[in-house]
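One structure is given below, encoded as C-alpha cells.
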C-alpha cells in the first residue's frame, strides 16, 4: 500500500505547511516493537517526527491478548483510529465496547479522550491506522491507572513523575 501526502500550498494545519513531499510504501518500513508496562504492540511510523510538525500516521498491530498502550489520554494530541482488521475491546472514558474492522474511533484531548485497546482474538492480530493531530511538538500523556505521566515528542519519551490519584 502506498501512502501519498502532498501539497505544500494546501496541506496546512495550524498555519504550518508540510515540510516536503512524502511517498512511502508500508512494506518497506521498519516495524518497531513497543512494550510499555505489560503491553506489547508493533508500530510502523508512516508519517512522523522529521516528516511533519503537526500530525503523525502509524500502522499499529496488537498481538492476540495484548494491549496497545496502557489506558491513557493526551494533553496535546487528538487521535483517530481506523481498524483495518481484527477485533478488540476499547476501554474509554465512557466505558468498554467491542470494536472490529471498519470501525473509526476518535479521541479528543484530555480525560474524555482516555483510551486503550485490547486484542480479544486468540489467534489474529488487530491492525489499525493511528492518525494523530498534534497541537504541540511535545505532548503530556497521562496514565491514570499507573499514577504516572509521560512527556513525549520527536526526541524524547520519558516517564517523568508520579501523579496523585486524588
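The values are calculated or read from the model by the stated rules, or taken from the named source; none is laboratory data. Because the structure is predicted, anything quoted here is derived from the model rather than measured. Please note: Cβ atoms are built from the backbone with ideal geometry, for glycine as well, and neighbour counts cover all protein chains shown.
Take the residues in the range 41-74 that are at pLDDT 80 or above and farther than 23 Å from residue 108 by Cβ, then tell me which one is surrounded by the fewest Cβ atoms within 10 Å (Cβ to Cβ).
My answer is 65.
With 56, 135 as the choices, which residue is under 11 Å from the mean Cα position of the chain (by Cα) and touching a residue at least 24 places away in the same chain (Cβ under 8 Å)?
Testing whether each residue is under 11 Å from the mean Cα position of the chain (by Cα) and touching a residue at least 24 places away in the same chain (Cβ under 8 Å) leaves just 56.
Take residue 11 and decide whether it is modelled with pLDDT under 75, closer than 15 Å to residue 137 by Cα and surrounded by 12 or more Cβ atoms within 10 Å (Cβ to Cβ).
Values: modelled with pLDDT under 75: yes; closer than 15 Å to residue 137 by Cα: no; surrounded by 12 or more Cβ atoms within 10 Å (Cβ to Cβ): yes.
Considered against the rule, which asks whether it is modelled with pLDDT under 75, closer than 15 Å to residue 137 by Cα and surrounded by 12 or more Cβ atoms within 10 Å (Cβ to Cβ), residue 11 comes out as no.
Give 36, 66 a once-over and let me know the one that is closer than 15 Å to residue 125 by Cβ and over 13 Å from the mean Cα position of the chain (by Cα).
Details: 36 fails: closer than 15 Å to residue 125 by Cβ.
Only one candidate passes the filter, namely 66.
Of the residues 91, 97, only one is without any contact (Cβ under 8 Å) to a residue 24 or more places away in the chain and touching a strand residue (DSSP E or B) at 6+ places or on another chain (Cβ under 8 Å); which?
Values: 91 fails: without any contact (Cβ under 8 Å) to a residue 24 or more places away in the chain.
Sole residue among the options that is without any contact (Cβ under 8 Å) to a residue 24 or more places away in the chain and touching a strand residue (DSSP E or B) at 6+ places or on another chain (Cβ under 8 Å): 97.
Hey, can you tell me all the residues within the range 95-107 that are more than 15 Å from the chain's Cα centre (by Cα), surrounded by fewer than 17 Cβ atoms within 10 Å (Cβ to Cβ) and part of a strand (DSSP E or B)?
Of the residues in the range 95-107, the ones more than 15 Å from the chain's Cα centre (by Cα) are 95-103.
Among the residues that remain, those that are also surrounded by fewer than 17 Cβ atoms within 10 Å (Cβ to Cβ) are: 95-98, 100-103.
Listed by number, the residues that qualify are 95, 96, 97, 98, 100.
If you check 159, 120, 109, which single one turns out to be within 19 Å of residue 36 (Cα to Cα), touching a strand residue (DSSP E or B) at 6+ places or on another chain (Cβ under 8 Å) and modelled with pLDDT of 90 or more? Walk me through how you get there before you give the answer.
Values: 159 fails: modelled with pLDDT of 90 or more; 109 fails: within 19 Å of residue 36 (Cα to Cα).
Checking each option against the conditions leaves just 120.
Looking only at the range 145-152, decide whether some residue is modelled with pLDDT of 90 or more and buried (at least 18 other Cβ atoms within 10 Å of the Cβ).
no
Restricting the search to the range 80-94, which residues are within 23 Å of residue 64 (Cβ to Cβ) and part of a strand (DSSP E or B)? So that I can check it myself, show each step before the final result.
Step one: filter the range 80-94 for residues within 23 Å of residue 64 (Cβ to Cβ), giving 81-92.
Residues satisfying the conditions are 81, 82, 83, 84, 85, 87, 88, 89, 90, 91, 92.
Just checking, how many residues over the range 108-157 are outside any loop (DSSP other than H, G, I, E, B) and farther than 18 Å from residue 97 by Cα? Talk me through it step by step, then tell me what you get.
Kept after step one, since they are outside any loop (DSSP other than H, G, I, E, B), are these residues of the range 108-157: 111-113, 115-119, 126-134, 138-143, 148-153, 156-157.
Still in the list and also farther than 18 Å from residue 97 by Cα: 129-134, 138-143, 148-153, 156-157.
Qualifying residue count, the range 108-157: 20.
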